[in-house]
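To keep things clear, I will list the structure first and then write my remarks on it.
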Amino acid sequence: MATPQDHDASQDHDAYRPFPTEGHPGPPPFVSRPAPQPAVEPAAAEQFGRPAGVTGAFADQPFGAIREWAAAPPTPEALETAFGRPSRSDELLQRPPGRNGARSSAGSVGEDDFWPQGAARDPWRDPWAAAVLGDPAVRQRDVNADEPPRPGARLSVAEVLFGRRLTNRALVALATVALLIGGVGGLVGRLTAEGGTLLNDPGFTLAQVQPAIDRPAGSVAAVAGRVLPAVVSLEFRVGDQGGFGSGVVIDGHGYLLTNNHVVAPAADIPHATLEAVFSDGTRLPARIVGRDPKTDLAVVKVEVANATVAQLGRSSTLKPGDPVIAIGSPLGLAGTVTSGIVSAVNRPVRLEAEGSNGNAVIDAIQTDAAINPGNSGGALVDGAGAVVGINTAIRTLGAVEGGGSIGLGFAIPIDTARTIAQELIRTGHYQHADLGVNAASVTDGKSDGARVQNVQQGSAAAEAGILENDVITKVGNRIVGTADALTVAVRERGIGERVPISLVRDGRPLVVTVTLKSD
């Protein structure tokens, strides 16, 4: 086995050396061969080499060993003008070596006028101060780190609410002031509430008296209570448009009497619907039974059981001044009751062409009971609650001044309406007696009449010998003062009835007998 002594040292300069022996110390062990160093270029040595006389680090070197740096290139004229020092100024941006703040050859440090007293010796300002490593910034772990942390100090109310800005004594004072303010507010509220009781009394009750309303059997309220269930509202609708009127139940089978102009749109317009609305809210479809445009009357039928039927009276017994009540649905307001008196009877009134053939003339009952659009077809009843007329028309001042009631309403006498309604229910149409003439109202200042303008060929007037320009003054015992009066006087007669007619021909009175024919 080889030993270090047996190893040939000449083979490797870096091999192990023999241990030193007495009298022959030899080199230290483990010394390596120096690394080869390349030659330094002169340009690099000029820029990065140590100053002359410096063989080691820059620290702790005398100030005299300052290398002379290569001259910098001249500053451009533009930069020199903008950033250079004023002319003839020797002020430098750095302190020259050996003056204030620089280390002298003896190692002492001077004071600087710009530094506080002793600040020049501050290690943080002294570039030659030795660097010293201090304790690590990380705190060493406590041996008892596994123990739970101890609870911190408890905070007072003042600290929690006001962050140490108020003492406990000040907090108590503040609470006392708050309690005082609350007490004063409660006292004021109490006084205010006690003062309010002077105007309000929860237990106050108005004194009640016994009902003193006298409703005799013939009062308006009593009459209206009996007739209202027999009066219905009629509504027709075509698409999103429609109209309304009134009707009277005249038979237990569901027959209703109304005006022709109320139901005419439903009869003439395709896909129109007609409904009857009773006083209890029952709504039923209605069908047209028959119409008479010349008297503006019509009959419709609804399928209803146990309907309340109106009691029909006699219009021939009415006298001006008799009390009457109008019941209907003016402007769609169902069950409206108005009262008044009979203003006149046997008043010839020509109706407008609305829903008729333009030749509708009625021998009307005039009343001052309020009648408005929608009352048409409703009931006009007497003081006993019997129907004496069918409300039909009103006279107004025109659309400019108002189209509502002005106390001039007209109703068809029930005596005429009953006869026509029966015939409409039986046959679906009605025929009137006809004279066969066209007439115009005239007057000579002394008397009035209806002058014949033409006579229809083959008519009753032609057969009786009535001529054009004859002035008719009376039909039977009824005086004729206008053309409308002549019409109603003839229509109230029966077909085939022989009627004496008084007239004036060429200034001479004359009476002829006419056998009336059908229209």
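Remarks
- Out of Gly445, Gly407, Gly494, sole residue that is in a loop (DSSP other than H, G, I, E, B), outside the structural domain of Pro348 (by TED's automatic domain parsing) and under 30 Å from Val381 (Cβ atoms): Gly494
- With respect to being within 21 Å of Gly225 (Cβ to Cβ), of a type in the set (A, V, I, L, M) and either surrounded by 15 or more Cβ atoms within 10 Å (Cβ to Cβ) or at pLDDT 90 or above (or both), Ala417 falls outside the description.
- Near pairs, Cβ below 8 angstrom, 6+ apart or cross-chain, from the stretch 201-214 (part of a loop (DSSP other than H, G, I, E, B)) to any residue that is surrounded by 10 or more Cβ atoms within 10 Å (Cβ to Cβ): none
- Qualifying positions in the stretch 251-265 - surrounded by 23 or more Cβ atoms within 10 Å (Cβ to Cβ) and either over 40 Å from the mean Cα position of the chain (by Cα) or of a type outside the set (Val, Ile, Thr) (or both): Leu256, Leu257, Thr258, Asn259, Asn260, His261
- Some residue of the stretch 196-217 being in contact with a helix residue (DSSP H, G or I) (Cβ under 8 Å, 6 or more places away or on another chain) and surrounded by 10 or more Cβ atoms within 10 Å (Cβ to Cβ): yes
- Scanning the stretch 171-192 for residues that are within 30 Å of Arg287 (Cα to Cα), surrounded by 13 or more Cβ atoms within 10 Å (Cβ to Cβ) and free of Cβ contacts under 8 Å to residues at least 60 places away in the same chain turns up nothing.
- Condition check for Ile390: among the β-branched types (Val, Ile, Thr), in contact (Cβ under 8 Å) with a residue 40 or more places away in the chain and over 25 Å from Gly496 (Cβ atoms): yes
- For the stretch 365-404, taking the residues that are in a loop (DSSP other than H, G, I, E, B) and charged (D, E, K, R), the one that is modelled with the highest pLDDT is identified as Asp368.
The values are calculated or read from the model by the stated rules, or taken from the named source; none is laboratory data. Fair warning: this is a prediction, and the values are worked out from it, not measured in the lab. For neighbour counting, all protein chains shown are included, and Cβ atoms are generated from backbone atoms with ideal geometry for every residue, glycine included.
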